[in-house]
Structures are given as structure tokens and as C-alpha cells.
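Data block below; observations after.
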Amino acid sequence: MNPRSLRFRLVAWYAGLLTAVFLLFGLAMFQVLRQYLERSMADSLRRRSEQIAASLLANVRQSGESYVADEIKARYAPENYDRFIRVSRAGGTVLYASGRTASFDPAGLPVPLLADATRQVSCADGARLLITAQSYAPPAGGHYLIECGGPMQPVETMLAQWRNSFLLGFPLVLLVAVAGGYFLVGRALGPVVEMARSAERITLQNLDERLPLTHTGDEIEQLSIALNHMIVRWREAFDQNRRFLADASHELRTPLAALRGEMESVVEQARALPEWRDRVGSALEEVDRLAKIVETLFAISRLDAGEAQQVWTKFDLARLASNTAEQMSLLAEDKGVSVSCLAAAEVQVEGDQARIKQVVVNLLDNAIKYTPGGGAISLQVQARGGKAVLEVADTGIGIPASALPHVFERFFRVDKARSREAGGAGLGLAIVKSICLAHGGKVEVESVESRGSRFRVELPLAASTNGG
Amino acid sequence: MRCLVIEDERKVADFVARGLRAERFAVDVAYDGQAGWELASVYDYDLIILDLMLPGVGGTEILRRLRRARKEAPVLILTARDSTEQKVENFEAGADDYLTKPFAFAELLVRAKALLRRAPASRGSVLRVGDLELDRLSQQVRRAGKKIDLTSKEYALLEYLASHAGRVLSRTMIIEHVWDQSFEGLTNIVDVYVRHLRAKVDDAHPHKLIHTVRGAGYCVSDEQDKA
């Protein structure tokens, strides 16, 4: 799981917040519960004190103190019922005090100085008691302090039980909440993942494709609509560019034809002065170059418009490559560059054979141009990973790293002086790229300056020989 | 030979007409579709050179009308757009050949002559230019009686140049004829082959046969003023 994904982060935040809220809530509940239990215990103790005061102490003059003590013992049996009762006189002397019970021993508990208070004390044996103290003055005179108490243990047991069930239940609740959250966030983000996947597929060749719409009415639907509008605008801009290129090529060709025709008639006239013929010939060379640039631009715009599929056939790329290398061997020989061709097995691809051949010609021509005498060029064709792979590697001057990302751009030259001398117009690799893209393939380059370059073309294998 | 040029670009129409007249054609020129259609429907031409983008009646429409009217003159289309669909459409409408602007006049002439020849001309088995001899059957080449060894590409190049002796052939034409279109535009393959051919054919002789016409192309000729 990617810890930086939106899904993970949302769920982690959610779980953290849930834990914090739950713990705070639990703590508050615990306090409220404790207070409630202590208060209700104190209330019942206080009621007992009042009972003792009203029914026994009120008549202490008539009945005598020992009667009161006996009555308390008889009526409340504190030792049996796990209670603590003590009645003391104003001076601090004890009239009655209950004894040891099953769970605690109150012997030695000091008599409090303050009346009308509730307190918790620890007995000598460690048991904790909650004790209420109430002063009482009988109508006949005198002053007494009545203390009633009971062990805290049942309250504490109850609180402990509550806390334990909370601590046990919380992880379960958290687990359910996190799993549910993970699922819900996944559902909500599913369309985004799908959109990213389709966006990845959209290239200049399939600008007609659109991102899937979710129809959920939420922000993600808005996003997909906005992105689709962007693709439409992008497509329009691209179409405009393409139309412009096509129109420009067309408008340029007619005057070029006139220019060429007029100049040729001068050059071929036997009567013309040699100096004139040379000058017009030189101008004619430039007309030629211009015409070739226009033609290549037009070809690129047509390829980019997806017009390549009209003359597709199935053919052996390995044989095409070795034949082309053979046809160009004289060019290499002329420069003292050796060309080795490694294309043994048949590699069937489907496409416009003349265009694919142009790819091989342009790559080889480039390699020959930029490899000094004594260098070596290797051409390799093979089926690899379900693709037809053609590689042209040379030991030439290479391409500087800063220029590498641009070599397939139209009119890009690594070194202006160098390539013009070699006769390039900066369109050779641009058309290679357009051809590869139009065939559903791609072209890549790696290069080390002054060590050499390696161009790799990948094309889909023809259907019947897939994997071969 | 009577020829009609229908082309709205006056300069293009004029140099085509001038070039054809120099080759002893009788040439009529129409500068728009309507005038072109009227001429073509009245007279029987041996060849019609037709531009596609015309004001008034378009080139493809003229072609259709001609074929419907059973005018069977060969039609060479000139165009500034060369999409494959358009080519197919025009061939279906009855075009005989297709030339994309800007073209070399020599190429137009070669294609025009090919269309007019129709039935293959009796091509002699031996081609002669000055003291150079090419035997088309055995593919043997001799200069002043001495045998010259050529590779098959060198032979194809020399035969193409020699069979149009005295005519300047552009690099584009040579590439399309001897190699194929894939080599067009980028390589100096023609220059390299011509250099090798010169070394074998001309170097040993003071009288040169292979000439470079700057800006236009190459030419095999016995005349010296072509150089």
C-alpha cells in the first residue's frame, strides 16, 4: 500500500481522529460515572444517618445511650452487612462504633473534626471506605456526630468493568470504522484512478478518446468534465496547427513549382553564360532544399493526422533492414565506416513499408553522417518482449546530454554549423518519430558525447507472429 | 503532338508550355477550368496536363466530364496536395499519371513521353553515347571498346542516365527510379554513386560523358557544353 496515496492518508487521519475522540469521550464518561456512583452511595449513607438521628438519637435522653447503641447494632447489623456506623459525642468520645466486617476493619479510624462532610479513607488493612459524617443536636440537648460508611470496592469493581469493556470494544469499533472508511474512500477515488489510467492512454494519435464520466454529480464528475473539455480544446488547437501546416505546404508548393521551372529553363539553356548558370543553379539548389522541407513538413502533418494506415501490409522488418543497409553500404564505405547488420530471424510487422524503410534510411544516414572514418555502425533487428525492436548504434560523435530531449523535435539541430554542412534540415529524426508514432510504436535514443549514440525503434509485432 | 495545359497559375502554365514547345509539341493553354473544359471537349488532344485546384470547374470534375464524353486522351495530373485518398479518387476518375508540385520539368517531360508512347517503343538492346556502349541484355558496359565492371546499382544508374542522354535528370528522379522514395531528401547517395561511376567511366578519358548541372541534377551527354 502506498503510504502517500490519498486513500491511505485519508483513512489514517480518520483513524487518528476517531481514536482521539473516543479516548476523550471515554475519559469523560468514566469521570461522570464515578461521580454518579459515589454521590448515590453518599446519599444512601446520609439517609441512614438521618434515620439513626430521627428514630434513635432524638430520644436519647429518655432511652439512654446504651439503648441507642444496642438498637443500632440490632437494627443495622453493620458487621454482617458490610457497613460502618459510628456515633460520637461532641467531645470526640465514641458512643457506638461498628466492628470488623468481612471486607474491612475500621478500628483506629480518626473521628473527623469537621461535621457534614463526605470523605474517603483507607483503613489500616488497606480497604477504602466512603464515609459521610453528620452532626445532630437532639431537641432535649447535647450534640452528636453520626458517621455512616461503606467500602468503595463495589464501585471500583463496576468502574473497572466498564473501563475494561470500553478498552476491549474500542479496537473492534476502530477496526470496523477503518475498514469501512478504506472501502468508502476507495469507492470515491475509484473514478480518479480510472481517469488517470485513461489519461495515460491519450496521445496525439487518439485525441478523440475521452475520459470516463462518473455521473455521480460530485466533484470527481466535475473534474472529468473539465478534463474532457481541456482535451477538446487541446484537440482543436492541435487540429488548427495541423491544418495550418497542410495549407502552408500547399500554398508554398505552387510558387516553388513556378520558381523551379523558370530557373531550370535557364540552367539547361546551352546559350546562357556559365557564370549565370552557376548562380541560378546555386539558387535552384536552395529551391530544392526548400521544396524538400515543405514536403517533409507535409508528410509529418499527414502522419500526425493519422493518414498512415492506407497502405499497410505485413512484411519482414529484418529483411527490410538488411536490404536497406546493403543499399546504403557504399555511403558508409565512402566514409570508411563499417556497417554490421544483425538481423537473422524473421520479424513480421505491419505498416507502410515505404515509411518504415524511411525510418531505417534516416537512422542509418544519421549514423553515417556523424560517425568519423574508422568508426563502426551496428544495425540490429529482433523480436523482444512482444515488440519488434530495431537498433542503430554507432561509435560517432554522440549527442550532448542537454540536447538529447530535443533531437526528435522539428528543425532541432544539435550543432547548427555541423549539421548544415552535412546537409540536414533538422527534420530527419522528426519524421522518424512521426512514422513510429503513426505505427503505434516509439523511438528512443541514448547517447554519450564523443562515444556514440544508440537509437531504438519499437514497433508492434504483426498479429500472427505475436511473441515470436 | 498536340497538348493542352490547364493550369491557373500563369507562371507554372507558361514554363510548362514553353518547355513542351521546345520539345516540338503544339501546346494550348487554359488558365481556368471553364476554358479548359471547352478546349478539351472540342479538340482531340494527344495529352492533357491538368491542375487540380482550378477556379470555376475543378480538375477532378473536368476529368470526369472528359471520360463521360469518351475523350480518351491521357491525362497527367498536377497537384500541390498529395494525400493518398486524393490520388486514388483521381485515378478512379480516369487520370493516367500524377505529379506533385514542385516538380522538375524533366520529370514532367519523361512522364508525358511515357504516356504518349503507350505501346512500348522498340528499345534497342544496345545504348550508345559517344564511345560509351551499354548492352542491356548482358548488362555489359564498354568505353572505347574496353570493358568496365560496374555493380548492379551503378549499372542501373548509368543506364537510366544514358537512356535519357542529353537530358538533365534531377536527384529526385534518379532516386525514385534507381532506388525508391524512402531515400529521398536526406542522403547524398546519388552524389556518392555518381562519383564512383565517374571514376570508372570518365577518369581514364579526357572526353567526359557524365556532367553535373548545378541545381538541376546529372546528365550523360556527348556534348561538351553541358558541363
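The values are calculated or read from the model by the stated rules, or taken from the named source; none is laboratory data. For clarity, every value in this text was computed on a predicted model and none was experimentally measured. Quick reminder, even Gly has a Cβ in these numbers, built from the backbone with ideal geometry, and neighbours come from all protein chains shown. Just the protein is used for accessible areas: all its heavy atoms, side chains included, with ligands, DNA and RNA removed. Shrake-Rupley method; radii C 1.70, N 1.55, O 1.52, S 1.80 Å.
How high is the FRET efficiency from B:ARG117 to B:ARG70, r the C-beta distance, R0 22 Å, rounded to 0.05?
Values: r = 22 Å, r/R0 = 1.01.
FRET efficiency, B:ARG117 to B:ARG70: 0.50.
Taking every alpha-carbon pair in chain A and binning the separations at 10 Å intervals from zero gives 4, 12, 14, 12, 9, 7, 5, 5, 5, 6, 8, 6, 4, 2, 1, 0, 0 percent.
Assuming charge only on the beta carbon of Lys and Arg (+1) and of Asp and Glu (-1), the dipole of the protein assembly as shown about its Cα centre is about 1120 debye to the nearest 20.
Would you kindly state how much longer the chain becomes between A:ARG289 and A:GLU449 on full extension, computed as 0.36 nm times their sequence separation minus their alpha carbon distance, in nm to one decimal? Present the calculation step by step, with values, prior to reporting the outcome.
Working: separation 160, 0.36 × 160 = 57.60 nm, distance 2.91 nm.
Here the answer is 54.7 nm.
As a test of the definition: with a 1.4 Å probe, what buried accessible area, both sides summed, do you compute for B against A, in Å² to the nearest 100? Interface area, both chains combined: 3900 Å², rounded to the nearest 100. Element breakdown for the protein assembly as shown at a 1.4 angstrom probe: carbon and sulfur atoms account for 54% of the accessible area.
With θ taken as phi - 60° and the Karplus curve 6.51 cos²θ - 1.76 cosθ + 1.60 applied, the whole-hertz 3J(HN,Hα) list for the stretch A:368-379 is 5, 4, 9, 10, x, x, x, x, 9, 10, 10, 10 Hz, x standing for glycine and proline.
Leaving out ligands and nucleic acids, and using a 1.4 Å probe, what accessible area per residue does chain A come to in Å²? It would help to have the intermediate numbers written out before the result.
Working: 25120 Å² over 468 residues.
Solvent-accessible surface per residue comes out at 54 Å².
Each peptide in B:18-24, A:443-449 was scored by the mean count of other Cβ atoms within 10 Å over its residues; highest first, the order is A:443-449, B:18-24. Amide H contacts of A:VAL337: A:GLY374, each under 5 Å away and 5 or more positions distant or on a separate chain (H built 1.01 Å from N in the peptide plane; Pro and chain starts excluded).
Per-residue shielding of B:9-15, expressed as the average number of other chain Cβ atoms within 10 Å of the residue Cβ, stands at 5.
To the nearest 0.05, what FRET efficiency results for A:SER5 and A:LEU213 with a Förster distance of 22 Å applied to their C-beta separation?
Working: r = 23 Å, r/R0 = 1.05.
Computed FRET efficiency for A:SER5 and A:LEU213: 0.45.
Relative to one another, the C-alpha centroids of the stretch B:25-44 and the stretch A:1-48 are positioned 100 Å apart. Partner shielding of B:173-181 amounts to 2, given as the average count of beta-carbon atoms from other chains within 10 Å of each residue beta-carbon.
Largest accessible area first, the listed residues A:TRP234, A:TRP312 line up as A:TRP234, A:TRP312 when surface is computed with a 1.4 Å probe on the assembled protein chains.
In the stretch A:247-261, burial by the other protein chains removes 30 Å² or more of accessible area from A:HIS250, A:ARG253, A:THR254, A:ALA257, A:ALA258, A:ARG260, A:GLY261, compared with the chain on its own (1.4 Å probe, ligands and nucleic acids ignored). Per-residue Karplus couplings for the stretch A:214-227, computed as 6.51 cos²θ - 1.76 cosθ + 1.60 with θ equal to phi - 60°, are listed in order as 8, 6, 9, x, 9, 4, 6, 5, 4, 4, 5, 5, 4, 5 Hz, Gly and Pro entered as x. Can you give the longest run of chain A that contains no trypsin sites (Lys or Arg not before Pro) sitting in a DSSP loop with at most 10 other Cβ atoms inside 10 Å? In short, A:5-270.
Got a sec? Charge dipole of the protein assembly as shown, +1 on Cβ for Lys and Arg, -1 for Asp and Glu; which of A:SER450, A:SER434, A:LEU145 is way out at the positive end? So the residue furthest toward the plus end is A:LEU145.
Placing a label point 7 Å from the Cα of A:ASN323 along the Cα-to-Cβ direction, the residues of the stretch B:175-214 whose backbone N falls under 20 Å of that point are B:175-187, B:189-190. Taking a straight line from the alpha carbon of A:LYS335, these lysines sit under 27 Å away, with near neighbours fewer than eight places off in the same chain left out: A:LYS292, A:LYS357, A:LYS369, A:LYS416, A:LYS433, B:LYS153, B:LYS200, B:LYS208. Available extension along the chain between A:ALA90 and A:ASP278 is 53.6 nm, counting 0.36 nm per residue and deducting the alpha carbon span. Over the residues of chain A, the helix contribution to mean residue ellipticity at 222 nm works out to -18500 deg cm²/dmol, using -39500 (n - 2.57) for each DSSP H run of at least 4.
Could you tell me which residue out of B:PRO206, B:THR172, B:GLY58 lies farthest along the dipole of chain B toward its positive end? Charges go on the beta carbon: Lys and Arg +1, Asp and Glu -1, centred on the Cα centre. In chain B, that residue is B:PRO206.
Model label points for A:GLU79 and B:ASP203, set 7 angstrom from Cα along the Cα-to-Cβ axis, are 14.0 nm apart.
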